[in-house]
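Written below as structure tokens is the structure these notes are about.
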Amino acid sequence: MSLAMSSFHRINGEESARMKSLMPINSISDDDARLIHALQVQPRAPWSELSRALSVTPTALAQRYARLHAAGMVRATGHATWINSSRNTAFAEIDLEPGSLARATAILTELPMAMTLDATTSGTCLIATISAPDESSLATVLLETLPSLPGVRDVRAHLITSTLKSGERWNVRALDPEQAAQIRGPRLPRARAARNLDPQFSSSLMAKLGRDARTPAAVLARDLGVSEQKIHDAVAVLLHGQQFRLRTDVINLWAGWPVHIWYFADVPPRQLSAVATALTTHPEVRYVGTAAGPANLTFDVWLRNLDVLHALEAKIDSLSRTGVMIRRQIVLRTAKRLGHLIDHEGRFTDRYVATPG
């Protein structure tokens, strides 16, 4: 194992706790931001390649990333691509009785199909991103599991019909286009690489990449009982076959976008496509999707402060000639993101509940 990689793995649980206590939640440096942006371009890029793009030694980059990871600021992760592209995913607004938020959250954090959990300003509403392997399983969660949670008063489900923009397309905007272009995409599959992966092996590999997308091939090979070459081939096939999508997530408080808002909008049907497409061009917007349910358009944004909220909403309203009915949900706490649990200070923990594969 290289010196750069060993620098990352030396940080144990005790050091991780120490880093969390020492690093301010809103701290950021230009060097940190450039590294995170580079990893958002290519989450599994070798340190040697990032070194050329950032003009920093591989060892220094590995140590910087280890510090950020241990402090709970950053996670390289991923998910199966069907999660954002099929009718098996929904956003559920879960209205709760006062005092029942903590218990409902604790239960849902352990549910693999509840990928992301956001608590809003009302204190009695959770927004859950629910992804299921099939429509029947999704129906069971929406119609039976969620309504039976303690303290639930109502569940409003927005079934995703298309995704125009998702979180992996958002970045911290610390690199200029020329610097970002120096970072190559994932390696192409070898001509001899098997294109049809064993489903159990594929599911296990995706779960491990979901936990930590930067896990070295040697570690994955050891854990899964296969050769390193098979790991390299399988990762390449999953990524280029668009079966799996990598991303690097950062805590929004630390990244400088502390205001997180979910929007549920009702757009005139003839203008839905144009409005949704226009929203994808706004850098503040992290996710845009059309939906079937109480709203036909869902999107979420990260803002630098609340002062720009009304200006953003005015822009959104101007996209439609007949007006857009908008309902906002301001997020005060995220308990889980893509299976990774987040503590009350807003930092990633070491706990991960594998998302559906």
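On the basis of the beta-carbon distance and an R0 of 45 Å, Ile326 and Asp223 show a calculated FRET efficiency of 0.45.
Please work out whether region 141-193 counts as rounded, prolate or oblate from its C-alpha gyration tensor, where a ≥ b ≥ c are the square roots of the eigenvalues and a/c under 1.5 means rounded, while otherwise a/b larger than b/c means prolate and anything else oblate? Prolate is the answer for region 141-193, as a/c is 1.5 or above and a/b outweighs b/c. In square nanometres and to one decimal, what's the mean projected area of the convex hull around the Cα atoms of the chain? So the Cα hull casts an average projection of 18.5 nm². Eigen-decomposition of the gyration tensor built on the alpha-carbon atoms of region 171-216 gives equivalent ellipsoid semi-axes of 29, 17, 7 angstrom, largest listed first. Between Ala311 and Glu110, the distance separating the two model label sites (each 7 Å from Cα on the Cα→Cβ line) works out to 4.6 nm. Per residue, the accessible area of the chain comes to 45 Å², computed with a 1.4 Å probe over protein heavy atoms only.
The HN-Hα couplings worked out from phi for region 136-147 by the Karplus form 6.51 cos²θ - 1.76 cosθ + 1.60 (θ = phi - 60°) are 5, 5, 5, 4, 4, 5, 6, 8, 10, 5, 5, x Hz, whole numbers, x standing for Gly and Pro.
In this simple spin-label approximation, Arg187 and Glu135 carry label points 7 Å from Cα along the Cα→Cβ vector, and these lie 4.1 nm apart. Derived scalar couplings between HN and Hα for region 35-49 equal 5, 4, 4, 4, 6, 6, 5, 8, x, 9, 4, x, 4, 5, 6 Hz in order, rounded to whole Hz, by the Karplus curve 6.51 cos²θ - 1.76 cosθ + 1.60 (θ = phi - 60°), x for Gly and Pro. Centre-to-centre separation between the Cα atoms of region 201-267 and those of region 84-139: 21 Å.
Computed from phi, the 3J(HN,Hα) profile of region 225-231 under the Karplus parametrisation 6.51, -1.76, 1.60 (θ = phi - 60°) reads x, 9, 7, 4, 4, 5, 5 Hz, with x in place of Gly and Pro. Extents of region 38-115, taken as max minus min of Cα coordinates on every principal axis and listed largest first, are 53, 31, 16 Å.
By accessible area, using a 1.4 Å probe on protein heavy atoms only, the chain has 52% of its surface on carbon and sulfur. Note on Thr57 and Ser100: their simple-model spin labels are 5.8 nm apart, each label 7 Å out from Cα toward Cβ. Comparing Ala53, Ala221, Ala157 in a Gaussian network model of the chain where C-alpha atoms under 10 Å apart are linked, the largest mean-square fluctuation is found at Ala221.
Less than 5 angstrom separates the built amide H of Ala291 from those of Thr161, Leu297, Thr298, all sequence-distant by 5 or more or on a different chain. Close Lys pairs in the chain (alpha-carbon distance under 22 Å; sequence gap of 8 or more, or different chains): 5.
The values are calculated or read from the model by the stated rules, or taken from the named source; none is laboratory data. None of the values given here were measured: they were computed from a predicted structure. Cβ atoms come from the backbone with ideal geometry, glycine included; neighbour counts cover every protein chain shown. What goes into the accessible areas is simple: the full protein's heavy atoms, side chains included, and nothing from ligands, DNA or RNA. Shrake-Rupley method; radii C 1.70, N 1.55, O 1.52, S 1.80 Å.
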